[in-house]
Amino acid sequence: QVQLVESGGGLVQPGGSLKLTCTAPRNIFGFSTMGWYRQAPGKQRELVASISREGNTVYANSIKDRFTISRDDAKNTVYLQMNSPIPEDTATYYCNARLVMKDYWGSGTLVTVSS
C-alpha cells in the first residue's frame, strides 16, 4: 500500500505562517504531479495547489498569493507554505500524488486558523 506521510499541521493565528510537508515513496513521487487538497467540515474536498514534475503550478483562487507549493525531488517531498492564513483556511489538508490515472492520498493533517 502506497503511503504518503504528511506533517506540519496544527493551530496557527490569522496572519501567521505554517508549512506542511508530505513525503512519498520514490517510485511514486518522481513520476507524479503532487498536490494539496483540503476538506472543511460539511464541505467537499477541494484542490488547494498542485505542482507537476516539470514544476508547473496551479493554485486555487482563494489561496493565490498567500500559499506556495514546492517540491524537492531529491527528498521525495512536497511542501505547502501557508502565509497569512485566515479562519476560512481551517480544514484537514491532504497530500495527493497523481500518477497517470491513479490517485494516492495521505491520511490528512488538520490545520486550524484561530486567534
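Before moving on, here are some points about what is shown:
- Residues (small (Gly, Ala, Ser), without any contact (Cβ under 8 Å) to a residue 40 or more places away in the chain and under 24 Å from residue 17 (Cβ atoms)) located in segment 29-65: 49, 55, 60, 62
- Residue 11 vs. criteria touching a residue at least 12 places away in the same chain (Cβ under 8 Å), more than 19 Å from residue 105 (Cα to Cα) and open to solvent by 60 Å² or more (accessible area, probe 1.4 Å): yes
- The residues on offer are 70, 32, 17, 50, and the sole one that is open to solvent by 50 Å² or more (accessible area, probe 1.4 Å) and of a type in the set (S, T, N, Q) is 17.
- Search result, residues across segment 68-115 that are closer than 24 Å to residue 26 by Cβ and assigned to a loop (DSSP other than H, G, I, E, B): 73, 74, 75, 76, 100, 101, 107, 108
The values are calculated or read from the model by the stated rules, or taken from the named source; none is laboratory data. Computed from a prediction, not measured in an experiment: that's the story for all the values here. As a convention, Cβ positions derive from the backbone with ideal geometry for all residues, glycine included, and neighbour counts pool all protein chains shown. Just so you know, the surface numbers come from the protein's heavy atoms only, side chains and all, with ligands and any DNA or RNA stripped out. Shrake-Rupley method; radii C 1.70, N 1.55, O 1.52, S 1.80 Å.
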